[in-house]
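Participant: I'd like to ask you about the structure that follows.
The values are calculated or read from the model by the stated rules, or taken from the named source; none is laboratory data. Worth saying up front: this structure is predicted, and the values here are computed from it rather than measured. We place every Cβ from the backbone using ideal geometry, glycine too, and count neighbours over all the protein chains shown. To get the accessible areas, we keep the full protein, side chains included, count just its heavy atoms, and leave off ligands, DNA and RNA. Shrake-Rupley method; radii C 1.70, N 1.55, O 1.52, S 1.80 Å.
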Amino acid sequence: MTAGTTVLAPDGTEVVLGEIGTRVLLENPRVRVWEVALDPGEAQGWHLHHNPYVVLCLSTSPCHMDWLDGSPARQLSETVGGSVYRPVSPVHMLTNDGDAPYRNRLIEVLDLGEEASGAPYDVPEGVAADSGFAEVGEVPAKVVVDEDDVRVQHVTPDAGDSYTWRTGAYPALVVDLDLETEPLSGLVYLEPGESYTLPAKPTRTSGYNLVELRYFSR
């Protein structure tokens, strides 16, 4: 992480970089998961990504991204339950331009970035190559990111419904998008072949994102 590092803007101004999120919720040799929370009108500090990352939207508001190198700002309009996978990025900052809070979970993929530990990873024998649900029949899930490295599914159970999901030959994360769920309990890291049952909720919520680190299966 580069928080506290001083860099120069094009005009020679010194800029001290900040963190890429509000707080770290989970960290291991494979991933680092941040909470990003911006109230209306609030902006992040300038920051730099050294690792590819996945953004999962929990609460949406119009935002824009400024670039320290002076490139045109990028307008963002995200959808709750949606996701985006981004490569290593230049120095930038995010500002909430709307009237509602903006919340996301930002997952750094450490194995594919500058902070890769190089730790070997062996998939246990007998683990199925692909992920899947234990239930027979249609499951309310759709793929929102489908890349060679990462796949993200959005699952929206009805009130009282629950589904059991098993990972494939790669680690994965389950992220609860319900803002009423405590962030740490709403974040589960799974090893290859492990299963997790999505908790049933009394009302229909924004659901869950299932984030699959598929680069391990190659």
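Participant: Going by the conditions given, is Glu125 part of a loop (DSSP other than H, G, I, E, B), acidic (Asp, Glu) and closer than 21 Å to Glu19 by Cβ?
Facilitator: Criteria not met by Glu125.
Participant: Still on this structure: Taking the condition of being touching a residue at least 40 places away in the same chain (Cβ under 8 Å), assigned to a loop (DSSP other than H, G, I, E, B) and under 18 Å from the mean Cα position of the chain (by Cα), how many residues in segment 84-95 meet it?
Facilitator: Final tally of qualifying residues: 1.
Participant: Further question: Among the numbered conditions (1) assigned to a loop (DSSP other than H, G, I, E, B); (2) exposed (fewer than 14 other Cβ atoms within 10 Å of the Cβ), tell me where Val143 comes up short.
Facilitator: (1)
Participant: Among Gly81, Gly98, which is the only one that is surrounded by 12 or more Cβ atoms within 10 Å (Cβ to Cβ), in a loop (DSSP other than H, G, I, E, B), on the phi > 0 side of the Ramachandran plot and in contact with a Ser or Thr (Cβ under 8 Å, 6 or more places away or on another chain)?
Facilitator: Gly81
Participant: Looking only at residues that are more than 17 Å from Pro183 (Cα to Cα) and among the polar types (S, T, N, Q) in segment 29-59, which one is modelled with the lowest pLDDT?
Facilitator: Gln44
Participant: So Ser71 passes all but one of these: (1) assigned to a loop (DSSP other than H, G, I, E, B); (2) touching a His at 6+ places or on another chain (Cβ under 8 Å). Which condition number does it fail?
Facilitator: It fails just one condition, (2).
Participant: Name the residues in segment 194-216 that are assigned to a loop (DSSP other than H, G, I, E, B) and either surrounded by 16 or more Cβ atoms within 10 Å (Cβ to Cβ) or not small (Gly, Ala, Ser) (or both), would you?
Facilitator: Correct list: Glu194, Leu198, Pro199, Lys201, Pro202, Thr203, Arg204, Thr205, Ser206, Gly207.
Participant: Looking at segment 5-20, can you tell me whether even one residue there is surrounded by 16 or more Cβ atoms within 10 Å (Cβ to Cβ) and at pLDDT 95 or above?
Facilitator: No, every residue in segment 5-20 fails to be surrounded by 16 or more Cβ atoms within 10 Å (Cβ to Cβ) and at pLDDT 95 or above.
Participant: Which pairs have Cβ atoms under 9 Å, sit 6 or more apart or on different chains, and link a residue in segment 62-82 that is polar (S, T, N, Q) to one that is assigned to a strand (DSSP E or B)?
Facilitator: Partner pairs satisfying both residue conditions: Ser71/His92; Gln75/Cys63; Gln75/His64; Gln75/Met65; Ser77/Cys63; Thr79/Cys57; Thr79/Val144.
Participant: Of (1) over 20 Å from Ser206 (Cβ atoms); (2) buried (at least 16 other Cβ atoms within 10 Å of the Cβ); (3) in contact (Cβ under 8 Å) with a residue 60 or more places away in the chain, Leu106 satisfies all except one. Which?
Facilitator: Of the numbered conditions (1) over 20 Å from Ser206 (Cβ atoms); (2) buried (at least 16 other Cβ atoms within 10 Å of the Cβ); (3) in contact (Cβ under 8 Å) with a residue 60 or more places away in the chain, the odd one out for Leu106 is (1).
Participant: Looking at segment 120-137 only, could you name the residues that are surrounded by fewer than 10 Cβ atoms within 10 Å (Cβ to Cβ) and either among the small types (Gly, Ala, Ser) or touching a strand residue (DSSP E or B) at 6+ places or on another chain (Cβ under 8 Å) (or both)?
Facilitator: Result: Gly126, Gly137.
Participant: While we're looking at this one, here's another question. Considering only residues that are open to solvent by 50 Å² or more (accessible area, probe 1.4 Å) and modelled with pLDDT of 95 or more, which ones fall in segment 148-158?
Facilitator: Within segment 148-158, just Asp158 meets the criteria.
Participant: From the list Glu180, Glu138, which one is without any contact (Cβ under 8 Å) to a residue 40 or more places away in the chain and closer than 24 Å to Glu78 by Cβ?
Facilitator: Only one candidate qualifies: Glu180.
Participant: Among the residues of segment 171-179, are any in a loop (DSSP other than H, G, I, E, B) and open to solvent by 50 Å² or more (accessible area, probe 1.4 Å)?
Facilitator: Among the residues of segment 171-179, at least one is in a loop (DSSP other than H, G, I, E, B) and open to solvent by 50 Å² or more (accessible area, probe 1.4 Å), which makes the answer yes.
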